[in-house]
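Enquirer: Just dropping this structure here.
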Amino acid sequence: MNTEATSGLTRDALVRAAVRVLDREGVAGLSMRKVAAELDVKAASLYWHVRNKEELLDLLTDALMADAEPPPRRGDWRAQFREYFTAYRRHLLDRRDAAKVIAGRFGLGPNMLRFAEDQLSRLREAGFSDADATMATYLLGTYVQGFVLQEQSPLTAAETTGAGRREVASAVADQLRALPAESFPNLVELAGDLTGPTMDDRFGYGLERILDGLATRLPPA
């Protein structure tokens, strides 16, 4: 008997169920068994569509970008990519563990391909060489993914027990200021500068410096 036919399971239904499990339990709680339970089918039914959890994560990578849209083509390349990747960060932050699913994967689904094509088109139109265009889109994507993974990780154990991030950062600053100044003069003096900036500030600083570097790769006007 054809398990797929009797269950009526489709790949789209499988992916939608996996997204629901991810939203509810995070990537650590995502399993083939739980996705099957979400669909009220036997786990064996899933294997008509994916061989293992890793293939399911490939499908999820694309599904998590389905409701994202590239920004309008307004302003110069720098303005466009500032908006592009600021929006990408917000998108990853808005979906539980999206960065953990997407980071490191080369998505070949229609949504990921749509974004890759769009970014390469903009970079080439701006005058970047083919090599720089491909390296730049990889660089910007991994910067955003890595940054989101960093900001979603607890600063210290205190944050995992309910302390707010600002409270934890303030406590870290106090600990730095209490270090012996003769051994750690810079850490003591710059404690506030190290712990004070918001994650928005840190992200913006890093993105602008990447854009600065990319600008040097363009041929003279």
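The values are calculated or read from the model by the stated rules, or taken from the named source; none is laboratory data. All figures in this text were calculated on a predicted structure; none of them were measured in a lab. All Cβ positions, glycine included, derive from the backbone under ideal geometry; neighbour counts span all protein chains shown. For the accessible areas, the whole protein counts, side chains as well, though only heavy atoms, and no ligand, DNA or RNA atoms are used. Shrake-Rupley method; radii C 1.70, N 1.55, O 1.52, S 1.80 Å.
Enquirer: Just to be sure before I move on: is A37 among the small types (G, A, S) and assigned to a helix (DSSP H, G or I) in the structure I sent?
Expert: Values: among the small types (G, A, S): yes; assigned to a helix (DSSP H, G or I): yes.
Spelling it out, A37 is indeed among the small types (G, A, S) and assigned to a helix (DSSP H, G or I).
Enquirer: Given (1) open to solvent by 70 Å² or more (accessible area, probe 1.4 Å); (2) under 16 Å from the mean Cα position of the chain (by Cα), identify the lone condition not met by L140.
Expert: (1)
Enquirer: For A133, indicate whether it is aliphatic (A, V, I, L, M), closer than 23 Å to P72 by Cα, out of contact with any Cys (no Cβ under 9 Å at 6 or more places or on another chain) and in contact (Cβ under 8 Å) with a residue 60 or more places away in the chain. Let's see the steps before the verdict.
Expert: Values: aliphatic (A, V, I, L, M): yes; closer than 23 Å to P72 by Cα: yes; out of contact with any Cys (no Cβ under 9 Å at 6 or more places or on another chain): yes; in contact (Cβ under 8 Å) with a residue 60 or more places away in the chain: no.
Criteria not met by A133.
Enquirer: Let me ask something else about it. Provide a single number: the residues in the stretch 69-84 that are of a type in the set (A, V, I, L, M, F, W, C) and surrounded by fewer than 18 Cβ atoms within 10 Å (Cβ to Cβ). Spell out how you get there, then give the answer.
Expert: Within the stretch 69-84, the subset of a type in the set (A, V, I, L, M, F, W, C) is 77, 79, 81.
Keeping just the survivors that are surrounded by fewer than 18 Cβ atoms within 10 Å (Cβ to Cβ) gives 79.
Total meeting the criteria: 1.
Enquirer: Can you give me the number of residues within the stretch 45-58 that are in a helix (DSSP H, G or I) and either open to solvent by 30 Å² or more (accessible area, probe 1.4 Å) or of a type in the set (S, T, Y) (or both)? Show your work before the answer.
Expert: If we filter the stretch 45-58 for residues that are in a helix (DSSP H, G or I), which is where we start, we get 45-48, 53-58.
Restricting the remaining residues to those that are either open to solvent by 30 Å² or more (accessible area, probe 1.4 Å) or of a type in the set (S, T, Y) (or both) gives 45, 47-48, 53-55, 58.
Of the residues in the stretch 45-58, 7 are in a helix (DSSP H, G or I) and either open to solvent by 30 Å² or more (accessible area, probe 1.4 Å) or of a type in the set (S, T, Y) (or both).
Enquirer: Related question: Looking at this structure, is A66 of a type in the set (A, V, I, L, M), more than 30 Å from T86 (Cβ to Cβ) and either loosely packed, with under 12 Cβ neighbours inside 10 Å or modelled with pLDDT of 90 or more (or both)? Please lay out each step first, then the result.
Expert: On the way: of a type in the set (A, V, I, L, M): yes; more than 30 Å from T86 (Cβ to Cβ): no; either loosely packed, with under 12 Cβ neighbours inside 10 Å or modelled with pLDDT of 90 or more (or both): yes.
In short, no.
Enquirer: In this structure, is T61 hydroxyl-bearing (S, T, Y), assigned to a helix (DSSP H, G or I), over 13 Å from the mean Cα position of the chain (by Cα) and crowded, with 17+ Cβ neighbours inside 10 Å?
Expert: No; evaluated as a whole, the condition is false for this residue.
Enquirer: If a residue must be open to solvent by 30 Å² or more (accessible area, probe 1.4 Å) and either in contact (Cβ under 8 Å) with a residue 60 or more places away in the chain or of a type in the set (A, V, I, L, M) (or both), how many such residues does the stretch 143-167 contain?
Expert: Of the residues in the stretch 143-167, 5 are open to solvent by 30 Å² or more (accessible area, probe 1.4 Å) and either in contact (Cβ under 8 Å) with a residue 60 or more places away in the chain or of a type in the set (A, V, I, L, M) (or both).
Enquirer: Report yes if some residue within the stretch 6-14 is closer than 30 Å to L211 by Cβ, in a helix (DSSP H, G or I), open to solvent by less than 20 Å² (accessible area, probe 1.4 Å) and touching a residue at least 24 places away in the same chain (Cβ under 8 Å); otherwise report no. Spell out how you get there, then give the answer.
Expert: Looking only at the stretch 6-14, we keep the residues that are closer than 30 Å to L211 by Cβ, and these are none.
Looking through the stretch 6-14, none of the residues is closer than 30 Å to L211 by Cβ, in a helix (DSSP H, G or I), open to solvent by less than 20 Å² (accessible area, probe 1.4 Å) and touching a residue at least 24 places away in the same chain (Cβ under 8 Å).
Enquirer: Looking only at the stretch 173-221, filter to residues that are surrounded by 13 or more Cβ atoms within 10 Å (Cβ to Cβ) and of a type in the set (K, R); which one of those is nearest to Y143 (Cα to Cα)?
Expert: R202
Enquirer: Name the pairs whose Cβ atoms lie under 7 Å apart, with the first residue in the stretch 180-192 and more than 23 Å from R166 (Cα to Cα), the second modelled with pLDDT of 95 or more, and 6 or more positions between them or separate chains?
Expert: Filtered contacts from the stretch 180-192: A181/V188.
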